[in-house]
Amino acid sequence: MTGHAQPVHTAEPVHTTAPVHTTALTAARRARELAELRGRSRPVDLVVIGGGITGAGIALDAASRGLETVLLEAHDLAFGTSRWSSKLAHGGLRYLATGNVGIARRSAVERGIMLERTAPHLVRPLAQVVPVFRDTTRLGAVLPGLGFVAGTLLSRLAGTPADRLPGARVLGARGVAEYVPGVRRAGLRFGHLNWDCQLVDDARLVTAVARTAAGHGARVITRARVVAASGTEVTVRDEFGAGGGGAGGGDVGGHDDEFTLTARAVVNATGVWAGLTAPGVRVRPSRGTHLIVRAAALGDPVGALTVPVPGETNRFCFAIPAEFGRLHVGLTDVDAPGPVPDVPLATEDEVGFLLDVINRALESGLTRDDVLGTFAGLRPLVDAGDGSTADLSRNHAVLTSDNGLVTITGGKLTEYRLMAEQAVDLVVERTGLPAAPCRTADLPLVGAPGHRGSARPAPAAYGGRLPASLVARFGQEAATVVAESLLARPLERVADGIDVTRAEFSYAVTHEGALTVDDVLDRRSRVGLVPADRAAAEPAAREALAALG
């Protein structure tokens, strides 16, 4: 996100009688907490396996209820599907169109919770425009508008007011072009406008949830692989430790350092890898691919161009404005059988499909040369047998293995908080652990107004103002990011043309648990989505890791 500098606002801290823990995740904290667990003889209340949005959400829900909680992640926070989404917190409009009112309503409610209370610094309204041309079928010209009106009604029923998320309306041809200057003008009649929500970044949401959990006492430990699990015990291998990782490392393995940790309950939240931890669980991965192109190629749109897939009544491709002057063009839905890769790859067929669909609505079509990079994620769909993955339910499932291990899989990123609440409710019911009621619907994440970590004014050296892009990513923490930078020239960009500051790379290491260059470039920031940008910013990432000593 780019723009002019914005003033940093402060908020009164929320006072609580609960113990206060730092939200900072560091290599030192990881080592200390791992050592404590290795030498522990009595069980913790809950172990959560998986550091994606679902696992982080469960850790926050449990810790905020007063449960002693440990989150174990084999790689890094947001390593898997949670960083490969379309970066949307959407209201479930697609599911309304298919008659799945339950998912649609839940999504609308959860979207409103993030937008208004828990993460307003990371979630913002996004205009969505569907152009209608002279050659658009009559049904194609009408259906999007009807769906958008239904989506507006759903938003109001979910409690989201019009001043936070405007209602749907029809735009003239000129109005469509104002939102998306690169739209094809020939034959353009009008367009349908809808408002949904966009995340600043999906991986940043995961980090914020995990750090908020740590602030409530959860132990959040990355590169700690669970090699065996039951409902009351996990075997953990430290894959960083004294022998692995470091400033120059990527996602590397360390020495064979295993120990056993007991717990009153264990929840498997490993997404597409769920069946590896709980062999009886069947997950059917579906690959969703996005392209990255320069926003200038579409005239720097201020809304998401949404184009129906030919021959489909409920599938669309879109071009969504993103950080760093980029657009994300997506989305495919392709069956992905076989072993689950750590990093899924887009296929050339998918690249061609996305270009073909989006070009139907563009004045100057995109070519393969316009593609700066690609990313692909695997949806952890609950396996229901035969049929297209596009038709499989996006409902989540909470399953219990014969050995007592609880697995939660499926679902949508927008519903992570509700999924976590249901998982912890089940744990509390089955174990009898004393726990407070769920409070995450009103619990601000780090950086959000009202978070108990008090905000601070911008350093006087910067005139009380900070870059808008920094504020957009860190909210109330923006001034802290600058003030606590270990790097000189904290507001200098990490590379030309990338509005990420050196202070942000430093903060990734000192507060956000980044242990390697990959953590900094590929998950705490999303610079690494474009290979050329990644190479340009890598020296600054190495400097940030070295500065911690």
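Here are some notes:
- Counting only residues that are assigned to a strand (DSSP E or B) and either among the small types (Gly, Ala, Ser) or out of contact with any Leu (no Cβ under 8 Å at 6 or more places or on another chain) (or both), the range 320-347 holds 3 of them.
- On inspection, Ala186 passes the criterion of being part of a loop (DSSP other than H, G, I, E, B), of a type in the set (Gly, Ala, Ser) and farther than 30 Å from Gly447 by Cα.
- Top-ranked residue in the range 426-454 [being of a type outside the set (A, V, I, L, M, F, W, C), touching an Asp or Glu at 6+ places or on another chain (Cβ under 9 Å) and not in a loop (DSSP other than H, G, I, E, B); ranked as farthest from Thr407 (Cα to Cα)]: Thr440
- So Arg185, is it in contact with a strand residue (DSSP E or B) (Cβ under 7 Å, 6 or more places away or on another chain), of a type in the set (Lys, Arg) and within 30 Å of Ala150 (Cβ to Cβ): no
- Of residues in the range 368-387 being modelled with pLDDT under 95 and in a strand (DSSP E or B), the one farthest from Leu327 (Cα to Cα): Val382
- Checking each residue of the range 17-31 against the condition of being modelled with pLDDT under 50, on the phi < 0 side of the Ramachandran plot and either crowded, with 17+ Cβ neighbours inside 10 Å or part of a loop (DSSP other than H, G, I, E, B) (or both) gives at least one match.
- Glu68 vs. criteria farther than 30 Å from Arg169 by Cα, of a type in the set (D, E, K, R) and surrounded by fewer than 21 Cβ atoms within 10 Å (Cβ to Cβ): yes
- All of (1) under 14 Å from Val357 (Cβ atoms); (2) part of a loop (DSSP other than H, G, I, E, B) hold for Leu291 with one exception: (2).
- Val130 in contact with a Pro (Cβ under 6 Å, 6 or more places away or on another chain), touching a residue at least 60 places away in the same chain (Cβ under 8 Å) and closer than 24 Å to Leu331 by Cβ: yes
- Filter result (crowded, with 24+ Cβ neighbours inside 10 Å and either among the small types (Gly, Ala, Ser) or within 12 Å of Arg83 (Cα to Cα) (or both)) within the range 523-536: Arg523, Arg524, Ser525, Arg526
- Residues that are assigned to a helix (DSSP H, G or I) and not acidic (Asp, Glu), drawn from the range 192-214: Ala203, Arg204, Leu205, Val206, Thr207, Ala208, Val209, Ala210, Arg211, Thr212, Ala213, Ala214
Residue-wise test of (1) surrounded by 24 or more Cβ atoms within 10 Å (Cβ to Cβ); (2) within 22 Å of Thr22 (Cα to Cα).
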| site | (1), (2) |
| --- | --- |
| Leu37 | no, yes |
| Ser41 | no, no |
| Leu46 | yes, yes |
| Leu77 | yes, yes |
| Ser86 | no, no |
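- Just one residue in the set Asp238, Asp202 is surrounded by 22 or more Cβ atoms within 10 Å (Cβ to Cβ) and in contact with a Ser or Thr (Cβ under 7 Å, 6 or more places away or on another chain); that residue is Asp202.
- Per this entry, Gly187 is counted among residues that are in contact with a Lys or Arg (Cβ under 7 Å, 6 or more places away or on another chain) and not hydroxyl-bearing (Ser, Thr, Tyr).
- Residues in the range 484-499 that are touching a residue at least 40 places away in the same chain (Cβ under 8 Å) and outside any loop (DSSP other than H, G, I, E, B) were compared, and the one that is surrounded by the fewest Cβ atoms within 10 Å (Cβ to Cβ) is Ala495.
For (1) part of a strand (DSSP E or B); (2) modelled with pLDDT of 95 or more; (3) in contact with a Lys or Arg (Cβ under 8 Å, 6 or more places away or on another chain), each residue gets a yes or a no:
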| site | (1), (2), (3) |
| --- | --- |
| Arg225 | yes, yes, yes |
| Gly231 | no, yes, no |
| Phe240 | no, no, yes |
| Gly246 | no, no, no |
| Gly254 | no, no, yes |
| Thr262 | yes, yes, yes |
| Gly275 | no, no, yes |
| Val281 | no, no, no |
| Pro301 | no, yes, no |
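- Scanning the range 334-371 for residues that are free of Cβ contacts under 8 Å to residues at least 24 places away in the same chain and of a type in the set (S, T, N, Q) yields Asn359, Thr367.
- Apart from one condition, Gly140 fits all of (1) modelled with pLDDT of 95 or more; (2) surrounded by fewer than 18 Cβ atoms within 10 Å (Cβ to Cβ); the exception is (1).
- Of residues in the range 110-167 being in a loop (DSSP other than H, G, I, E, B) and β-branched (Val, Ile, Thr), the one nearest to the chain's Cα centre (by Cα): Thr160
- On the stretch given as the range 153-173, residues that are in contact (Cβ under 8 Å) with a residue 40 or more places away in the chain and either at positive phi or among the aliphatic types (A, V, I, L, M) (or both) total 6.
- Every condition in (1) surrounded by fewer than 16 Cβ atoms within 10 Å (Cβ to Cβ); (2) touching a residue at least 24 places away in the same chain (Cβ under 8 Å); (3) β-branched (Val, Ile, Thr) is met by Val176 except one, and the failing one is (1).
Here is a yes/no grid of residues against (1) under 20 Å from Thr136 (Cβ atoms); (2) over 22 Å from the mean Cα position of the chain (by Cα); (3) surrounded by fewer than 19 Cβ atoms within 10 Å (Cβ to Cβ):
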site: Gly311; (1), (2), (3): yes, yes, yes
site: Cys317; (1), (2), (3): yes, no, no
site: Leu327; (1), (2), (3): no, no, no
site: Gly330; (1), (2), (3): no, no, no
site: Gly338; (1), (2), (3): no, yes, yes
site: Asp342; (1), (2), (3): no, no, yes
site: Ala346; (1), (2), (3): no, no, no
site: Gly352; (1), (2), (3): no, yes, yes
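- Pairing each residue of the range 512-535 that is under 13 Å from Phe79 (Cα atoms) and in a helix (DSSP H, G or I) with any residue that is modelled with pLDDT under 95 and not aliphatic (A, V, I, L, M), provided the two are 6+ apart or on different chains, yields C-beta distances under 7 Å for Asp518/Gly250; Asp518/Asp251.
The values are calculated or read from the model by the stated rules, or taken from the named source; none is laboratory data. Here the structure is a predicted model, which means the values were calculated and not measured. Quick reminder, even Gly has a Cβ in these numbers, built from the backbone with ideal geometry, and neighbours come from all protein chains shown.
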